[in-house]
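Engineer: I have a structure I would like to understand better, so I am pasting it below and will then ask my questions one at a time.
Read-outs: derived from the displayed coordinates by stated rules, not from any lab. Computed from a prediction, not measured in an experiment: that's the story for all the values here. Methodologically, a virtual Cβ is constructed for each residue, glycine included, from the backbone with ideal geometry; neighbour enumeration extends over all protein chains shown.
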Amino acid sequence: MEQGLKTHVGDGTATVTISNMDKRNAMTVQMWRELPPLLDRLAADRAVRSLVLTGDGGTFCAGADIGSLRDASGASQGLAVAAEEALAAFPRPTLAAIRGYCVGGGAQLAAACDLRFAEEGALFGVTPAKLGVAYPASATRRLVRLVGPSAAKYLLFSGELIDCVRALRTGLVDEVLAEGALDKRVAEFTAVLASRSLLTQTAAKELADGTWDVPPAEAEERGAYWAAQARESGDILEGAAAFLERRAPRFTWPAG
């Protein structure tokens, strides 16, 4: 079967589908390499208001293609980190839509998304301990922020798979959907995102992700910058007017 990253843009949402069904959508070296420039192209498309990452068929991503890892002489971990960081830096909201296995590099990509919606029956695992791999610092830090130190250590130390119930409890997953309901819920949620202020979303993403490791004064400076952007954009006035007139707002940021 054909393997690669498939892309579809419609209704303001870019959907990137990991496709390598013969190997449960494992990421090859080429797929890791292709993801950052693909994300750059989608970020430059003003029609894209959100991005959904998913897997072909009934599996999200079972990790890295082990054969490709061996052939790449260890270089693929750097490519995986670059792909993860590019996904985390995508300037609009990102959502992982997860079925089946979300393991290893798949969990790494899912954690780099802003949100994760999963179908019942999905299984999650962070498995470097099964391969003797030192998990990258950026991915470890992101996992700890997402689920907390204890849950992160459990996943990293053991490499054990956990189900949706535990993933939801730890914060690894944001919503769990019944079988057959995932696509509908993702479509509904991305439609909600498209109706909201992109300025608010962009500011919230930067401040939520980018102010952990900076001095408080720098964080306050970025907050003040975004407050000024909101005032200058006219979106605040539009939001208030729409509320009072009981209509949907027509936000215009960024102009042009």
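Engineer: Amide H to amide H, which residues 5 or more places from E160 or on other chains are under 5 Å from it, using H placed in the peptide plane?
Structural biologist: Excluding prolines and chain starts, which carry no amide H, there are no hits.
Engineer: Next question. For the chain, what does the helix formula give at 222 nm: sum of -39500 (n - 2.57) over DSSP H segments with n ≥ 4, over the residue count, nearest 500 deg cm²/dmol? Walk me through the numbers on the way to the answer.
Structural biologist: Values: 11 runs with 126 residues, N = 256.
Using -39500 (n - 2.57) per qualifying helix, the result is -15000 deg cm²/dmol.
Engineer: Another question, if that's okay. Please enumerate, by chain and number, the lysines with C-alpha under 24 Å from the C-alpha of K153, excluding those fewer than 8 residues away in the same chain.
Structural biologist: Within reach: K130.
Engineer: Ok, one more. Once both labels are modelled 7 Å past Cα along the beta-carbon direction, what's the A82-A240 spacing in nm?
Structural biologist: If labels sit at A82 and A240, their model points lie 4.8 nm apart.
Engineer: Another one. Largest first and in whole Å, what are the equivalent-ellipsoid semi-axes of region 23-162 based on the Cα gyration tensor, each being the root of 5 times an eigenvalue?
Structural biologist: Working: eigenvalues 94, 63, 45 Å².
Sorted largest first and rounded, they come to 22, 18, 15 Å.
Engineer: Shifting gears a bit: Taking the alpha carbon gyration tensor of the chain, what are the square roots of 5 times its eigenvalues, largest first, to the nearest whole Å? Mind showing how you got there, number by number?
Structural biologist: Values: eigenvalues 208, 84, 66 Å².
The three semi-axes for the chain are 32, 21, 18 Å.
Engineer: Do you know the relative contact order of region 1-54, to the nearest whole percent, from alpha carbon pairs under 8 angstrom that are 6+ apart?
Structural biologist: Working: 68 pairs, mean separation 23.3, N = 54.
Averaging sequence separation for qualifying contacts and normalising by length gives 43 percent for region 1-54.
Engineer: Right, here's the next one. Apply the Karplus parameterisation 6.51 cos²θ - 1.76 cosθ + 1.60, with θ equal to phi minus 60°, to every residue of region 234-248 and state each ³J(HN,Hα) to the nearest whole Hz, in sequence, with x for glycine and proline.
Structural biologist: x, 5, 5, 4, 5, x, 5, 4, 4, 4, 5, 8, 6, 9, 6
Engineer: Where both partners of a DSSP beta bridge lie in region 1-159, what percent of those bridges are antiparallel, to the nearest 5? Mind showing how you got there, number by number?
Structural biologist: Details: 7 of 25 bridges.
So the antiparallel bridges amount to about 30 percent of the total.
Engineer: With the contact rule set at Cα under 8 Å and sequence spacing of 6 or more, what percent relative contact order holds for the chain? If you can, show how the numbers build up before the last one.
Structural biologist: Numbers: 431 pairs, mean separation 37.9, N = 256.
Result for the chain is 15 percent.
Engineer: Filter the trypsin sites (Lys or Arg not before Pro) in region 156-256 down to the DSSP loop ones having no more than 13 other Cβ atoms within 10 Å, then list what survives.
Structural biologist: Details: sites: R166, R169, K184, R185, R196, K205, R222, R231, R246, R247, R250; in loops: R196, R246, R247, R250.
Loop-located and lightly packed - R246, R247, R250.
Engineer: Order of 49-56, 121-128, 145-152, 12-19 by packing, highest average Cβ count within 10 Å first? Please report the intermediate quantities before stating the final value.
Structural biologist: Working: 49-56: 23.5, 121-128: 21.9, 145-152: 15.9, 12-19: 20.4.
In descending order of packing, they fall as 49-56, 121-128, 12-19, 145-152.
Engineer: While we're looking at this one, here's another question. List the residues whose amide H sits under 5 Å from the amide H of G104, counting only those 5 or more places along or on another chain, with H placed 1.01 Å from N in the peptide plane.
Structural biologist: Those lying under 5 Å, H to H, from G104 are G125, V126, T127.
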